[in-house]
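Only one structure is covered here, and it is reproduced in the block below.
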Amino acid sequence: MKFDLRNNKDFLAGLLFILIGGLAVVIAREYPMGFVARMGPGYFPTVLGGLLILLGLYVMIRGLYSGAKVQGGWGGKPLALIALSIVLFGFFMDRLGMVPALVAMFFAAALAGREFRFKEVLLLTVLMSAFAVGVFIYGLKLPYWLFIGF
């Protein structure tokens, strides 16, 4: 039985999970770990990175048994638009506030899909913005502006 690991989607996904989890663990080594009752800043990324490595191993092993091939190629436009949406959120968060940053992020990310329906994206944006405001502003009492100066 011959394995084509370069074209095995589960193997490649598992490898990506392992790389990201390993990177999180390596970066977290620079911070104090702490313990469960009194977690340090390195605890959460270390545990999460370890779990991601375990998930990656599972997905890689599953890929060796399934042999599912990668279909299609890289989508440059969707990849660029998703990255742009994250950058827009970070850029507008300090300058315009949370709600305009979320609007920019959702609309830029929605343009990455094959189908863009303005009403659906607007409804999603309104609902998710209300949820984010409820959780972060009112629930967690984080000092973010909703809009400029508010």
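Against the set (1) -0.47, -1.11, -1.12; (2) -0.39, -1.03, -1.19; (3) -0.52, -0.83, -0.96, the structure's computed log10 I(q)/I(0) by the Debye sum over Cα atoms at q = 0.09, 0.16, 0.18 Å⁻¹ falls on (1). Dividing the mean sequence gap of close Cα pairs (under 8 Å, 6+ apart) by how many residues the chain holds gives a relative contact order of 21 percent.
Each label point was placed 7 Å from the Cα along the Cα-to-Cβ direction; for Tyr31 and Val133 their separation is 3.0 nm. Other residues with beta-carbon under 14 Å from the beta-carbon of Ile18 carry, at +1 per Lys or Arg and -1 per Asp or Glu, a net charge of 0.
Of the residues Pro32, Ser85, Leu146, the one whose Cα sits farthest toward the positive end of the charge dipole of the chain, with +1 on the Cβ of Lys and Arg and -1 on the Cβ of Asp and Glu, is Ser85. Remark: the Cα gyration tensor places segment 76-139 in the oblate category, a/c being 1.5 or greater and a/b not exceeding b/c. Under a model in which nothing but the beta-carbon of Lys, Arg (+1) and Asp, Glu (-1) is charged, the chain shows a dipole of about 240 debye around its Cα centre. Here the spin labels are modelled as points 7 Å beyond Cα on the Cα-Cβ line, and at Leu51 and Leu84 they lie 3.4 nm apart.
Charge tally for Trp145 (other residues, Cβ to Cβ under 11 Å; Lys, Arg +1; Asp, Glu -1): 0.
For the chain, please report how many Lys pairs fall under 24 Å Cα to Cα, leaving out neighbours fewer than 8 apart on the same chain.
Working: Lys2/Lys69; Lys9/Lys69; Lys9/Lys77; Lys69/Lys77; Lys77/Lys119.
Lysine pairs satisfying the spacing and distance rule in the chain number 5.
Histogrammed with a bin width of 5 Å, the alpha carbon distances of segment 5-66 distribute as 4, 22, 22, 17, 13, 10, 7, 5, 1 percent, first bin at zero. Computed about its Cα centre, the charge dipole of segment 76-139 is approximately 160 debye, with only Lys, Arg, Asp and Glu carrying charge at their Cβ.
Every number here is computed from the coordinates shown, using simple stated rules; none is lab data. Only a predicted model underlies this, so the values are computations on that prediction, with no experimental measurement involved. Heads up, the Cβs are rebuilt from the backbone with ideal geometry, glycines too, and the neighbour counts pull from every protein chain shown.
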